Amino acid sequence: MALFGRKKKNAPVAADGQAASQWQTVKDAFALTRKEKPLSLLYMALIFVAVLIAGILLGSALGHPIYFAIIFTPISVLAAFFFFTRQANSAAFSSIEGQLGAGASVLMAIRRGFSTTPAVNVSRTQDMVHRSVGRPGIVLVGEGGQGVRALLQDEKRKMERFLTGVPVIEVVVGNNEGQISLKKLQRHLKKLPKKLSNNQVREVRNRLKAVGGLNMPIPKGPMPKGVRMPKR
């Protein structure tokens, strides 16, 4: 009986903690959006008003303006909040774009399907390669300058030698031709064709964990901190 009593007392505390965490996330996203895209808040208000007015006009045409105003109020809130989430997502990417390790931040924000090890290969000029393991195989993501291609090739040879038969995919983060922008990086990885089973992915991850020498330490530098990537 005492055990059940304790659970009942702890449940509201856990719920309050989760609600506080979610509210803090919304506040952080709001502050970041206001900093990176200040006009987006004005657009949110305009979207809310426009949808509500459209509902009232539709209700007036049907003879029930007040009824439609009540119905369209939550719809207006949802429309404005949907626009806000899109803007917050864009602001989060804009806040870390161009920073050292931005690609790793985006990769590590992928909740399911991939496990990422940042900076497995780093040059003196701070070009770096991150490694993500998932059902498409081993995805090597490079970010930096002109030397990143050589780093990718070096890491690819290492993976092919250590894990024979496992697909190795190279991706370069950037806005030039043949590169994947930071905003599209998560989507690009999720669209890659799946070549491995879940058991094979687990085996690859275990083998990589067993060989610590394949991982290099992250260099000192302005790695993005305090930025929470949005969860789709």
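The values are calculated or read from the model by the stated rules, or taken from the named source; none is laboratory data. What you see is a predicted model; the values in this text were computed from it and never measured. Note: ideal-geometry Cβ built from the backbone for every residue, glycine included; neighbour counts use all protein chains shown.
Values as computed for the structure displayed
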read-out	value
Listing of strands (runs of 3 or more DSSP E) fully contained in segment 73-162 that carry 1 or more residues being at pLDDT 85 or above, of a type in the set (Asp, Glu) and out of contact with any strand residue (DSSP E or B) (no Cβ under 9 Å at 6 or more places or on another chain)	none
Candidates VAL133, VAL141 - the one that is over 24 Å from GLU177 (Cα atoms) and of a type in the set (Val, Ile, Thr)	VAL133
Residue match in segment 197-207 (condition: assigned to a loop (DSSP other than H, G, I, E, B), assigned by TED's automatic domain parsing to the domain that holds PHE114, out of contact with any Gly (no Cβ under 6 Å at 6 or more places or on another chain) and not polar (S, T, N, Q))	no
For GLU177: the one exception among (1) touching a residue at least 24 places away in the same chain (Cβ under 8 Å); (2) part of a loop (DSSP other than H, G, I, E, B); (3) out of contact with any Lys or Arg (no Cβ under 9 Å at 6 or more places or on another chain); (4) among the charged types (D, E, K, R)	(1)
All positions within segment 41-91 that are of a type in the set (Ser, Thr, Tyr) and more than 30 Å from GLN186 (Cα to Cα)	SER60, TYR67, THR73
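Per-residue answers, yes or no, for (1) over 19 Å from GLY98 (Cα atoms); (2) aromatic (Phe, Trp, Tyr); (3) under 20 Å from the mean Cα position of the chain (by Cα):
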| position | (1), (2), (3) |
| --- | --- |
| THR116 | yes, no, yes |
| ARG124 | no, no, no |
| GLN146 | no, no, no |
| LYS158 | yes, no, no |
| GLU170 | yes, no, yes |
| GLN179 | no, no, yes |
